[in-house]
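Step one of this worksheet: look at the structure below.
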Amino acid sequence: MPTIYETLRADVVVAMKAGDKATVLTLRTNDAAIQRASLDQGKPIDDALVITTLKRSVKNLTDAKVEFEKGGRMDLVAANDAEIKILEKYLPKGLDLARLEALVGEAIRESGAQTRKEMGKVIGALKKLPEAALIDFAAASKYIQSKLP
């Protein structure tokens, strides 16, 4: 089974043959970002590096989209939405709410956190889990706050 990176590279060729310039630009830009991250970190390109890099790109696009909306630039909002949709194809689906709640409950028990001041212990326990790459830590943080007094 091909890696996420191999799939992305193959999709660049497919998009080029189809004449889809927007997809080619998005994928090539992120291919370069992945390669740069690999060089910067001195690590080989693996799925974890690809996912981290693509998540960062999606976050940057989402942040920029908010600013474009404030400025009334709907053309740029639409462009960012299209790029995000392209990149989400390569990202694993996040955890469903029930699984996230179960993991947070387990992390709270494991860390022994009693108050919101100890929230860092719970986040630390979540980051050690094998599913850490799939966790939306913003949502987890809100859920943790609702569970701790």
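Over the chain, dividing the summed -39,500 (n - 2.57) contributions of all DSSP H runs of at least 4 residues by the number of residues returns a 222 nm mean residue ellipticity of -24500 deg cm²/dmol. Distant-in-sequence amide contacts of ARG73, defined by a placed amide H-H separation under 5 Å and a gap of 5 or more residues or a different chain, comprise nothing.
Distance between the C-alpha centres of the range 15-31 and the range 84-149: 34 Å, rounded to the whole angstrom. Magnitude of the charge dipole for the chain, about its Cα centre and with charges confined to Cβ atoms of Lys, Arg (+1) and Asp, Glu (-1), is about 340 debye. In percent, rounded to a whole number, the relative contact order of the range 4-88 is 27, using alpha-carbon pairs under 8 Å and six or more apart. For the chain, the relative contact order is 18 percent, taking Cα pairs closer than 8 Å that sit 6 or more residues apart in sequence and dividing their mean separation by the residue count. How big is the shadow of the Cα convex hull of the chain, averaged over all directions, in nm²? For the chain, the mean projected area of the Cα convex hull comes to 11.4 nm².
None of the figures in this text is laboratory data; all of them are computed from the coordinates on show. None of these values were measured; they are calculated from a predicted model. As a convention, Cβ positions derive from the backbone with ideal geometry for all residues, glycine included, and neighbour counts pool all protein chains shown.
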